[in-house]
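Only the coordinates and a few stated rules stand behind these numbers; no lab work does. None of the values given here were measured: they were computed from a predicted structure. Virtual Cβ from ideal backbone geometry, glycine too; neighbours counted across all protein chains shown.
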Amino acid sequence: MVKRSKGIRSKSRNILRKKPRQRGIKSITRALQQFEEGESVNIVIDSSVHKGMPDIRFHGYTGKVEGMQGKSYLVGINDGKKHKILIIRSEHLRRVH
């Protein structure tokens, strides 16, 4: 029997895949964007940046910025009935309009 891999990026082939025209190095503005405390953000994982990447199960969640930790942001989300705080770099966050 073959033992199945259960790594951190397992079952993520479709979620973390990029369209052909979106491949390559992203613009630096995404890395330099800044958020205020209490601002709503969407978690959209950029698979080309490995630092500060949240777990793939949080891809598509919306949360509020609760503070900073180094260059990363503390984002609070509700996962079911639990309130969780994720540490995410700005490349994986987008403003909610």
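Where in the chain is the longest stretch that carries no trypsin sites (Lys or Arg not before Pro) classed as loop by DSSP and with at most 16 other Cβ atoms within 10 Å? Don't skip to the answer; put the middle values down first.
Numbers: sites that count: LYS3, ARG4, LYS6, ARG9, LYS11, ARG13, ARG17, LYS18, ARG23, LYS26, LYS51, LYS71, LYS81.
Of all site-free stretches, the longest is 27-50.
Rank these for me by crowding, TYR73, TYR61, going from fewest to most other beta carbons within 10 Å. The partial results should precede the final answer.
On the way: TYR73 24, TYR61 17.
Final ranking by Cβ density, sparse to dense: TYR61, TYR73.
Mark the label point 7 Å from the Cα of ALA31 along Cα→Cβ and return the residues of segment 57-97 whose backbone N is within less than 14 Å of it.
Only 71-72, 89-92 pass the distance filter.
In what sequence do LEU93, LEU74, LEU32, LEU86 fall when counting other Cβ within 10 Å, fewest first? Provide the component values of the computation, followed by the final result.
Numbers: LEU93 25, LEU74 16, LEU32 9, LEU86 20.
Taking fewest neighbouring Cβ atoms as first place, the list is LEU32, LEU74, LEU86, LEU93.
If all Cα-Cα distances of the chain are sorted into 5 Å bins from 0 onward, what percent lands in each bin, rounded to whole numbers?
2, 12, 23, 23, 18, 12, 6, 3, 1, 1, 0
So which of LYS19/LYS64; LYS51/LYS71; LYS18/LYS71; LYS51/LYS82; LYS26/LYS71 end up more than 20 Å apart, counting from Cα to Cα?
Details: LYS19/LYS64 28 Å; LYS51/LYS71 11 Å; LYS18/LYS71 25 Å; LYS51/LYS82 25 Å; LYS26/LYS71 18 Å.
The answer is LYS19/LYS64; LYS18/LYS71; LYS51/LYS82.
Rank the residues VAL44, VAL75 as a footprinting-exposure proxy: fewest other Cβ atoms within 10 Å of their Cβ go first. Walk me through the numbers before you get to the answer.
On the way: VAL44 12, VAL75 27.
Ascending number of Cβ neighbours within 10 Å: VAL44, VAL75.
Given springs between every Cα pair under 10 Å in a Gaussian network model of the chain, which of SER27, SER48, SER72 has the largest fluctuation?
Per the Cα network of the chain with a 10 Å cutoff, SER27 tops the list.
If you average the sequence gap of Cα pairs under 8 Å that are 6 or more apart and divide by the length of the chain, what percent do you get for the contact order?
Working: 140 pairs, mean separation 26.8, N = 97.
About 28 percent, as a whole number.
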